[in-house]
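The values are calculated or read from the model by the stated rules, or taken from the named source; none is laboratory data. Computed from a predicted model, the values in this text were never measured in an experiment. Here the Cβ is made from the backbone with ideal geometry for all residues, glycine too, and neighbour counts use every protein chain on show.
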Amino acid sequence: MHVLFIAPDFPSYQQHFVRALKSAGAKVSGIGDRPAEHMPEEVKRQLDAYYQISNVTDTQALLECVRYVQSQEWVDRLEATIESHMLAAAEVREACTIPGMSFEQTWICRDKTTMKQFMQERGIPCAAFTAADSVEQVQTFVEKVGYPIIVKPRDGAGASATWRCNGPQDLMPAIEDTGIDKGNSAALEEFIEGHEGFYDTLVAGGKIQHDFVSHYYPNVLEAMRTRWISPYIIVTNRSDLPDYQPLKELGQKVIQDIGLQNVPTHMEWFAGEKGLKFSEIGARPPGVGQWDLYCAANDIDLYKEWADTVLYGQCHGVLSRRYSAAILSLRPNQDGKIHGYTGVEQVMQQYGEWIINCHFPETGTPTQPINAGYMANAWIQIKYPDYDELRTILMDIANKITVYAG
């Protein structure tokens, strides 16, 4: 099989998908907007061909490239695993009659308002929502549901450009940031108080073959706004407990209703006084290297499982559920440049056998804003057999390590 894979080398974990496709027997051609000479040598060796275009989110440029490749040889699949690339890939697939997710399915998984409307019509519990492209519409929604509300781009990923508005003083900055005052359409949601997590799956032949339940500590918006917190995401190895059954049933219904066949999914959820609520779904892997945690926690190559799913519509690996695993984000004490660290050696001596991977930017490296995400600055990935003990370990590491900047 010949697969065209979009953005084969960046971010770095994209390289795992290329490797997996090759190991599953595919011919892999990359399409990207970065020069080939900037690619790691390992990626170049894995690719059978590479085509550079101006922008992989430019549908016309992508279409012209794919049609050119089709004029030279047969193409079986066009695959994208990054949120911002999904719509262009789906549109080109349909135009070039390449199997895969349809544009309609992709739109449901990409546009927040369409997504919520689709779910609500099918009985999926969601927070109150609407789309707004004027200040007046925002004010009408606030009058209906009250504060706090969430304002975010309709095509956003994660907490990017997402605002929690606790009162009128927060509203105008959110409106201006999302461009509602200029006629841009943004998604508005009732704020749901409760615990936040996500349910990830690999769907093969329309059925969930692998699934993972992860928890945010604290919830994303708080984590991305509060410097002193060392937030973490942890995947549990206890997802077979009865407490998770309602979440699994919710995820299965969402996937079935959209009609997803051979794709990974990433579904955000809240649980609180108002019960379990659907937040959003992406037909893609999660970000921040989360699949690396799933691989380490379950003694499996999930990337290879994905490749088998894409190529053959089935996968055969078994999850061990031996470990819980987490990524812990370690924030600099202020913006500027990294000056140094304390506590790292102690942590490595104490927990080194459980550490999967870590990143500590060199002294002198400019810091990144805390809202840039869990891997923006220093971070540690770690596994442990017991979920509760791992949470204790994460807090201990956060207390021991200090990242100095200025």
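Against the numbered list (1) loosely packed, with under 14 Cβ neighbours inside 10 Å; (2) over 25 Å from the mean Cα position of the chain (by Cα), residue 40 comes up short only at (2). How many residues are hydrophobic (A, V, I, L, M, F, W, C) and under 18 Å from residue 291 (Cα atoms) when one looks only at the stretch 346-389? Here the count works out to 9. Of note, residue 332 does not satisfy the criterion of being touching a residue at least 24 places away in the same chain (Cβ under 8 Å), more than 30 Å from residue 28 (Cβ to Cβ) and surrounded by fewer than 14 Cβ atoms within 10 Å (Cβ to Cβ). Selection of the stretch 42-82 for residues being at pLDDT 95 or above and acidic (Asp, Glu) yields 48, 58, 64, 73, 76, 79. Can we say residue 64 is farther than 20 Å from residue 309 by Cα and either surrounded by 19 or more Cβ atoms within 10 Å (Cβ to Cβ) or touching a strand residue (DSSP E or B) at 6+ places or on another chain (Cβ under 8 Å) (or both)? Here the answer is no, as residue 64 does not meet what is asked. Within the stretch 358-367, does at least one residue satisfy the condition of being among the hydrophobic types (A, V, I, L, M, F, W, C) and either modelled with pLDDT of 95 or more or over 19 Å from the mean Cα position of the chain (by Cα) (or both)? Looking through the stretch 358-367, at least one residue is among the hydrophobic types (A, V, I, L, M, F, W, C) and either modelled with pLDDT of 95 or more or over 19 Å from the mean Cα position of the chain (by Cα) (or both).
Report yes if residue 192 is assigned to a loop (DSSP other than H, G, I, E, B), β-branched (Val, Ile, Thr) and under 19 Å from residue 124 (Cβ atoms), otherwise no. Against the criterion (assigned to a loop (DSSP other than H, G, I, E, B), β-branched (Val, Ile, Thr) and under 19 Å from residue 124 (Cβ atoms)), residue 192 qualifies.
All conditions but one from (1) surrounded by fewer than 22 Cβ atoms within 10 Å (Cβ to Cβ); (2) under 26 Å from residue 370 (Cα atoms) apply to residue 175; the one that does not is (1).
Taking the stretch 230-254, which residues are in contact with a helix residue (DSSP H, G or I) (Cβ under 6 Å, 6 or more places away or on another chain) and either without any contact (Cβ under 8 Å) to a residue 40 or more places away in the chain or among the aliphatic types (A, V, I, L, M) (or both)? Once the filter is applied, which keeps residues that are in contact with a helix residue (DSSP H, G or I) (Cβ under 6 Å, 6 or more places away or on another chain) and either without any contact (Cβ under 8 Å) to a residue 40 or more places away in the chain or among the aliphatic types (A, V, I, L, M) (or both), the stretch 230-254 yields only 235.
The set of residues in the stretch 270-285 that are in a loop (DSSP other than H, G, I, E, B) and either crowded, with 23+ Cβ neighbours inside 10 Å or modelled with pLDDT of 95 or more (or both) comprises 283, 284, 285.
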